[in-house]
Amino acid sequence: MAPVTVITGGGRGIGAATARRLAHAGHHIALCYRRDHNAADAVLADLRAAGAQAIAVRADTTDPEQVRALFDAAAELGPLTGLVNNAGVTSLIGPFTELRVEDLRRVVDVNLVGYVLCAQQAARRLTDGGAIVNVSSAAATLGSPGEYVHYAAVKAATDTLTVGLAKELAPRGIRVNAVAPGIVRTDIHADSGVPDRADSAVGRIPLGRAGEPDEIAAAIAWLLGPDASYATGTVLRVSGGL
Ligand code: NAP
């Protein structure tokens, strides 16, 4: 039976690259997006062209009912085997003293509450051999001073969620890991007000370039799959040395 994987934020960026890679590896895929219907549709067409059974579900991961509906829809593809907890947001880059409380709450809501709600649905449904990969960030250990310290703090919470959940679910044969990307070429930087960040930040990246979404997808696919059968509770940094 084909693996069945839910990918949150699968319409664009790292989530879309992960969906395409997993479809080629034989997964059936439920991808969730929040607003960008056209982007999700384009990914869906690629997944089906690769031979995957795939659905796109509009669901806001901060809403428990919409998250439950997402996992119910995924169940139509077969028994759940994996979750890629990826849907995340930043807020405007700037000094900590200028942070607006509504931006802080949004970052916590999507990147922490959303991850917990999705992991909870997955934990209830996964069986022996199942796996969760949380997309964290190198920011969790760098702290992102002058940019978005609050986002970095929430990504550190993702790492702790990974460690704790890995221990709690290990007796059931379910693995939980995280990937911590550095600066990756996606639209997320436009949302933080610096659309060219993948190029303008190159000077601080030891490998001298930003990452591409598929380079992160490769790590996610490895942690999700049987080749990583003895890896759980780990945070795999994929950051060009950052
Ligand atoms: P992106 O290109 O901005 O794509 C974000 C995706 O998440 C979109 O599909 C978006 O849906 C979806 N999304 C956002 N909020 C959502 C919500 N509340 N409910 C459901 N879906 C939601 O982002 P990305 O750069 O690929 O980032 C993916 C993950 O990697 C995030 O967790 C981010 O923090 C992390 N990360 C990224 C970088 C980087 O440099 N890019 C670095 C480190 C970590 P719509 O298309 O419908 O808006």
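Taken together, the values in this text are just the output of simple stated rules run on the coordinates, not laboratory data. Just so it is clear, the structure is predicted and the values come from calculations on it, not from any experiment. For neighbour counting, all protein chains shown are included, and Cβ atoms are generated from backbone atoms with ideal geometry for every residue, glycine included.
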Pairwise FRET efficiency - Arg58 versus Arg106, Cβ, R0 = 22 Å, nearest 0.05: 0.75
Charge dipole magnitude, Cβ of K and R +1, D and E -1 - the chain, Cα centre, debye nearest 20: 360
Charge tally in the Cβ shell below 13 Å around Arg172, where Lys, Arg are +1 and Asp, Glu are -1, Arg172 excluded: +2
Cα-based helix-to-principal-axis angle, 64-75 vs the chain, degrees rounded to 10: 40
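Could you please rank Leu22, Leu207, placing first whichever residue has the fewest other Cβ atoms within 10 Å of its Cβ?
Placing the least packed residue first, the sequence is Leu207, Leu22.
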Cα centroid separation - segment 157-184 against segment 43-64, whole Å: 23
Long-range tail of P(r) for segment 4-238 (Cα pairs > 33 Å, %): 11
Estimated inter-spin distance, Thr127 and Val202, nm [label 7 Å along Cα→Cβ]: 5.0
Packing-based order for 112-121, 138-147, using average beta carbon neighbours within 10 Å, highest first: 112-121, 138-147
Nearest 10 degrees, 0 to 90: helix 114-125 Cα axis against the chain principal axis: 20
Estimated 222 nm signal from helices in the chain, with DSSP H stretches of n ≥ 4 weighted -39500 (n - 2.57), rounded to 500: -12500 deg cm²/dmol
Top of Gly164, Gly26, Gly211 by mean-square fluctuation, Gaussian network on the chain, Cα under 10 Å: Gly164
Local electrostatic count, Gly10, Cβ distance below 15 Å [Lys/Arg +1, Asp/Glu -1]: +1
Options Leu77, Phe96, Thr62, ranked by Cα towards positive dipole end of segment 4-238, top entry (Cβ charges): Leu77
